[in-house]
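For reference, the structure is listed below as structure tokens.
Rule-based calculations on the coordinates, nothing more; no lab input. Please read all numbers here as calculations on a predicted model, not as lab measurements. Methodologically, a virtual Cβ is constructed for each residue, glycine included, from the backbone with ideal geometry; neighbour enumeration extends over all protein chains shown.
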Amino acid sequence: MKYYSTNKAVPEVSLKDAVIKGLAADRGLFMPEKINKLPQSFFDNIVNMTLQEISFEVAKAFFGEDVEEARLKDIVYDTMNFDIPLVQVTEDIYSLELFHGPTAAFKDVGGRFMARLLGYFISQEKGDKTVNVLVATSGDTGSAVANGFLGVEGIKVFVLYPKGKVSEIQEKQFTTLGRNITAIEVDGTFDDCQKLVKEAFMDEDLNKQMFLTSANSINVARFLPQSFYYFYAYAQFRKMNPDMEPVICVPSGNFGNITAGLFGKFMGLPIKRFIAANNKNDIFYKYIKTGEYSPKPSVQTIANAMDVGDPSNFARIIDIFGNSHDAIAAEIDAVTYDDAQIAATMSEVYKTDKYLLDPHGACGFLALKQLLEKDEKGIFLETAHPAKFKDTVEPIVKEEVKIPESLQGFMKGKKDTVELSGSYADFKELLLKNK
């Protein structure tokens, strides 16, 4: 399958080139030339399939033309080797728990899949050249990508994150690894980190000296696999609610997650509608309400992974809906919540329903509580384990949050970072020193 740029100013490329390049030369994001529908027989049998089996069928629809089937199956089964249970919280609201992977966040799916697919492509062509993976993170992307690529021969990973704006556990997950992982503490916001990564890709001189690729959700190999768990969520939901289509609410920051869900719907997945839950970084909410997209500097909130003021994947949403605001607004509703509303929801749900939310999941739960209609049931994405936000969650629920085993090992490591200003010249100098 060919992949085109959302800016449509450069020729189409192969999947391999789209994955290795990360960003198109015209600064656009790569998109598959078509979205393959899955057969009705797949949906008829989906309730009898495992997560790995479902994921493999979806992966074949995206990548089957470009990756040999046996190798693709190995990549998928190795990536999806943990459960993603759908847990009932109230009579009408369910939580899709995406925190049972090795770094306890939903990005374990996209990060691990991309690491394996990129390794497959690089082994085919790179020779002795080192591949440098650049990733900006507002929290969980860094840990998922760093741990996915840790120790992979021929690959160096540079994780950029905003100083003082991620939780301690999130930070420890990518600043204590060493080996082929370099953690870069940027004096700025997530948007500043993302801007540095994009500038590096557009720097012809740097790209002549270093082989660069991205592991953010701008990379098709990062965001497309996230569609796997929407299908698995539906399979579990249908067992409990035959003949119903769920409303799905996605806590949204850079919008890769909800874009993957939209792809699932275009492939035939019976989702009634989507809700994008924003924190005070309400750019998409304002777009839905007004039709105008006005990026602005991000503001810090307790739902830090959603602190994005210019979501990259908005370009993909615009593209798949033909730049029609009406079409987007018909498919996706949007809400925005401040820290007080998020905290109140976490406290209330813990007291009333005995369910522990993280700040991002709380946005999703509250949106469903407010927007579900009488005949609807909804699923929100619980995107990370509450322990990753221990310092935020504990004072709100007034109880100790136990750190799962998967995270405890990271807490013992020693933080090792490189501090950086927001200057691109300084970033380029750092990269060239480490090539």
Next item on the list: Using every Cα-Cα pair within the range 228-343, state what percent have a distance larger than 24 Å.
Entry: 27 percent
Notebook entry, point to check: If you project the alpha carbons of the range 309-385 onto the principal axes, what extent comes out on each, in Å, largest first?
Noted result: 44, 32, 20
Next item on the list: Select from Ala115, Asn132, His385 the residue farthest towards the positive end of the dipole of the chain; place +1 on Cβ of Lys and Arg, -1 on Cβ of Asp and Glu, and compute about the Cα centre.
Entry: Asn132
Checklist line | Cβ-based exposure ranking for Val89, Val157, in which fewest neighbours within 10 Å come first | finding: Val89, Val157
Notebook entry, point to check: Is any residue of the range 187-212 close enough, with backbone N under 14 Å, to a label point placed 7 angstrom from the Cα of Arg179 along the Cα-Cβ axis, and if so, which?
Noted result: none
Item checked: For the chain, built as a Gaussian network whose Cα springs stay under 10 Å, the top-fluctuating residue of Glu331, Glu97, Glu171 -> Glu331
Next item on the list: Before rounding to the nearest 500, sum -39500 (n - 2.57) across all DSSP H runs of length at least 4 in the chain and divide by the residue total; then give [θ] at 222 nm in deg cm²/dmol.
Entry: -13000 deg cm²/dmol
Next item on the list: Be a star and scan the range 397-435 for residues whose amide nitrogen sits under 14 Å from the point 7 Å along the Cα-to-Cβ vector of Asp205.
Entry: 424-433
Next item on the list: Please get the size of the charge dipole for the range 152-251, origin at its Cα centre, with Cβ charges of +1 on Lys and Arg and -1 on Asp and Glu, quoted in debye to the nearest 20.
Entry: 360 debye
Next item on the list: Report the net charge of residues surrounding Arg179, where surrounding means a beta-carbon distance below 14 angstrom and charges are Lys +1, Arg +1, Asp -1, Glu -1.
Entry: 0
Check: When DSSP beta bridges are limited to those with both residues in the chain, what percentage is antiparallel, rounded to the nearest 5?
Finding: 20 percent
Note to self: For the range 206-268 and the range 300-318, what is the centre-to-centre distance using only Cα atoms, to the nearest Å?
What the structure shows: 15 Å
Margin query: Can you give me the distance in nm between label points at Glu69 and Thr130, each placed 7 Å from the Cα along the Cα-to-Cβ direction?
Written below: 4.0 nm
Next item on the list: Considering the options Gly142, Gly64, Asn48, tell which one lies farthest towards the positive end of the dipole of the range 12-157, charges being +1 on Lys and Arg and -1 on Asp and Glu at the Cβ, about the Cα centre.
Entry: Gly142
Notebook entry, point to check: Here are some values of Cα extents along the principal axes in Å: (i) 57, 51, 38; (ii) 59, 49, 43; (iii) 57, 50, 48. Which one was computed from this structure?
Noted result: (ii)
Next item on the list: Please identify, among Glu376, Glu399, Glu168, the residue showing maximal mean-square fluctuation in a Gaussian network model of the chain using a 10 angstrom Cα cutoff.
Entry: Glu399
Margin query: To make sure I understand, if each residue's beta carbon is the centre and we count other beta carbons within 10 Å, what order do Arg27, Arg316 fall in, fewest to most?
Written below: Arg27, Arg316
Next item on the list: Kindly flag which residue pairs out of Lys369/Lys402; Lys172/Lys388; Lys165/Lys280 have an alpha-carbon separation exceeding 20 Å in this structure.
Entry: Lys369/Lys402
